[in-house]
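Visitor: Quick one: the structure is below, and I'll ask about it shortly.
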Amino acid sequence: QVQLVESGGGLVQAGDSLRLSCAASGLTFSRYIMGWFRQAPGKERDFVASISWSGRSTNYADSVKGRFTISRDNAKNTLYLQMNSLKPEDTAVYYCAADSRIIPTTRVGEYDYWGQGTQVTVSS
């Protein structure tokens, strides 16, 4: 049974930093492209960042480029999202996801497994 469990969310002020983690089990983690998505109230789930199997290739949404960093530790089966210079518009539930395909994608529907999400709230 595949499980993705996010942690690290919370309430912070604008300009602060947070690091999200996603612990994976039940899958060969190093063989999955991993991604972070977020969903604000009343909005669709949006792509935030993705990372290749090895971690050498990353992709970011324009809205977070230069502020967020995605990384992974395949030895620990864990995905990370370092979020710096947080803004109120970053407020959302953040989800990690796993994709068994070879080519990274930003599309929600192409990810195979999802975590339950962790809330990030940024106050102004």
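The values are calculated or read from the model by the stated rules, or taken from the named source; none is laboratory data. The shown structure was predicted, so the numbers you read here are calculated from the model rather than taken from an experiment. Remember, those area values only see protein heavy atoms, side chains included, never the ligands or the DNA or RNA. Shrake-Rupley method; radii C 1.70, N 1.55, O 1.52, S 1.80 Å.
Visitor: Got a sec to turn the phi values of the stretch 13-30 into Karplus ³J(HN,Hα) couplings, 6.51 cos²θ - 1.76 cosθ + 1.60 with θ = phi - 60°, whole Hz, x for Gly and Pro?
Guide: Once rounded to whole Hz, the list reads 9, 4, x, 6, 10, 9, 10, 8, 10, 9, 8, 10, 8, x, 8, 7, 3, 5.
Visitor: Each residue of the stretch 63-80 in order: what ³J(HN,Hα) in whole Hz does its phi give by Karplus 6.51 cos²θ - 1.76 cosθ + 1.60, θ = phi - 60°, with x for Gly and Pro?
Guide: Along the stretch 63-80, the couplings run 5, 10, 4, x, 10, 10, 9, 9, 8, 8, 10, 5, 5, 9, 6, 9, 10, 10 Hz.
Visitor: Quick check: at a probe of 1.4 Å, how many percent of the accessible area of the chain sits on carbon and sulfur atoms?
Guide: Whole-percent figure for carbon plus sulfur exposure: 45.
Visitor: Still on this structure, please answer the following. For Ser100, which sequence-distant residues (separation of 5 or more, or a different chain) have an amide H within less than 5 Å of its own amide H, given hydrogens modelled in the peptide plane?
Guide: Asp112
Visitor: Show me, for the stretch 85-96, the HN-Hα J-couplings you get by feeding each phi into the Karplus relation (A = 6.51, B = -1.76, C = 1.60, θ = phi - 60°), rounded to Hz, glycine and proline as x.
Guide: Rounded to whole hertz, the list is 6, 5, 10, x, 6, 7, 4, 4, 8, 9, 10, 9.
Visitor: Where only protein heavy atoms count, and the probe is 1.4 Å, what is the accessible area per residue for the chain in Å²?
Guide: Here the per-residue accessible area is 52 Å².
Visitor: Now a separate question. For Phe68, what residues show an amide H to amide H distance below 5 Å, using hydrogens built from the backbone and excluding near sequence neighbours?
Guide: Amide H neighbours of Phe68, under 5 Å, 5+ apart: Asn84.
Visitor: Evaluate Rg over Rh across the chain, taking Cα atoms for both radii and Kirkwood's formula for Rh.
Guide: Answer for the chain: 0.94.
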